[in-house]
1. Among the residues of the range 87-96, is there at least one that is free of Cβ contacts under 8 Å to residues at least 40 places away in the same chain and of a type in the set (Lys, Arg)?
2. Which count do you get for residues in the range 165-185 that are loosely packed, with under 14 Cβ neighbours inside 10 Å and not hydroxyl-bearing (Ser, Thr, Tyr)?
3. Considering only the range 116-138, how many residues are assigned to a helix (DSSP H, G or I), over 19 Å from residue 179 (Cβ atoms) and over 11 Å from the mean Cα position of the chain (by Cα)?
4. Checking residue 26 against (1) surrounded by 19 or more Cβ atoms within 10 Å (Cβ to Cβ); (2) of a type outside the set (D, E, K, R); (3) within 18 Å of residue 137 (Cα to Cα), which test does it fail?
5. Given the criteria within 17 Å of the chain's Cα centre (by Cα) and of a type outside the set (A, V, I, L, M), does residue 161 qualify?
6. Exactly one of (1) assigned to a helix (DSSP H, G or I); (2) open to solvent by 60 Å² or more (accessible area, probe 1.4 Å) is unmet by residue 94. Its number?
7. Filter the range 34-77 down to residues that are among the aliphatic types (A, V, I, L, M), open to solvent by less than 40 Å² (accessible area, probe 1.4 Å) and over 18 Å from the mean Cα position of the chain (by Cα) and give me whichever is farthest from residue 123 (Cα to Cα).
8. In the range 136-164, how many are without any contact (Cβ under 8 Å) to a residue 60 or more places away in the chain, open to solvent by 40 Å² or more (accessible area, probe 1.4 Å) and under 29 Å from residue 25 (Cβ atoms)?
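The values are calculated or read from the model by the stated rules, or taken from the named source; none is laboratory data. Everything numeric in this text was worked out from a predicted model, so none of it was measured. Cβ placement follows ideal geometry from the backbone for every residue including glycine, while neighbour counts extend to all protein chains displayed. Side chains are part of the model used for accessible areas, which takes the heavy atoms of the whole protein and leaves out ligands, DNA and RNA. Shrake-Rupley method; radii C 1.70, N 1.55, O 1.52, S 1.80 Å.
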Amino acid sequence: MTAEIKPATAPLTERQEARRRRILHASAQLASRGGFDAVQMREVAEVSSVALGTLYRYFPSKVHLLVATMQDQLHHMHTTLRKRPPGSESAAERVAETLMRAFRALQREPHLADAMVRALTFADRSVSPEVDTVSRQTTAIILDAMGLEGPPTPEQLSAVRVIEHTWHSALITWLSGRASIAQVKIDIETVCRLIDLTTPEAGPAD
């Protein structure tokens with residue numbers, strides 16, 4: 001039944017949505033200044049002009065808040081990418097270009113990127129809905145860049161998941177100082193070749 005898909009998740013009113021946006025903006029602002037440790041729930045409440053109890057009703061913990069912040073950042077990236085889509089010929093090249101543009105956007109805010117990635121790393125089962133939303137947003141960005149004529153095949157979706165995992169891993173290794181931007185670019189371009197391997201036209205002809 002459709003009622004079981006999103007149980008007890010009523011749409012936010014305009015006022016609630018505005019409040020949620022203020023909270024996410026405050027979270028991103030504080031994280032940009034000082035990373036994960038700078039995002040304290042009491043200070044987020046003060047900066048966003050909401051009561052602390054109200055903040056916890058929206059986001060039960062700092063990890064919930066920062067994972068939601070990452071989803072919000074990815075949403076903005078996706079909107080920007082749609083306005084200026086990649087111009088490469090092949091799907092693999094378009095996805096690689098898109099993910100590197102997203103990576104460079106995060107690179108411009110290293111403290112914010114570190115805070116969001118740390119939150120994803122710390123997330124337990126209670127944060128699964130927020131983590132799933134981040135994953136769906138990343139998948140949507142990749143699929144848009146692929147420019148498929150129809151729905152993706154199971155093989156293509158599998159390739160997208162591997163690409164997503166590699167992008168996330170590359171972000172972690174770069175943030176920890178264990179990979180250069182040049183190495184990240186090589187890794188992303190390499191894993192994106194999976195797209196060519198899973199494209200039906202690329203299979204052997206009978």
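1. We begin by selecting, within the range 87-96, every residue free of Cβ contacts under 8 Å to residues at least 40 places away in the same chain; these are 87-89.
If we keep only those that are of a type in the set (Lys, Arg) too, we end up with none.
Scanning the range 87-96, I find no residue that is free of Cβ contacts under 8 Å to residues at least 40 places away in the same chain and of a type in the set (Lys, Arg), so the answer is no.
2. Counting residues in the range 165-185 that are loosely packed, with under 14 Cβ neighbours inside 10 Å and not hydroxyl-bearing (Ser, Thr, Tyr) gives 6.
3. Going through the range 116-138 one residue at a time, the tally reaches 7.
4. Just one mismatch for residue 26, condition (3).
5. Here the answer is yes, as residue 161 does meet what is asked.
6. Residue 94 satisfies every listed condition except (2).
7. From the range 34-77, those among the aliphatic types (A, V, I, L, M) are 38-39, 41, 44-45, 47, 50-52, 55, 63, 65-68, 70, 74, 77; that's our starting set.
Next, from what is left, pick out any that are open to solvent by less than 40 Å² (accessible area, probe 1.4 Å): 38-39, 41, 44-45, 50, 55, 63, 65-68, 70, 74, 77.
Those still in the list that are over 18 Å from the mean Cα position of the chain (by Cα) too: 38-39, 41, 44-45, 50, 55.
On the way: 38: 18, 39: 16, 41: 17, 44: 19, 45: 21, 50: 24, 55: 18 Å.
Only one residue fits best here, namely 50.
8. Residues flagged as without any contact (Cβ under 8 Å) to a residue 60 or more places away in the chain, open to solvent by 40 Å² or more (accessible area, probe 1.4 Å) and under 29 Å from residue 25 (Cβ atoms) within the range 136-164 amount to 2.
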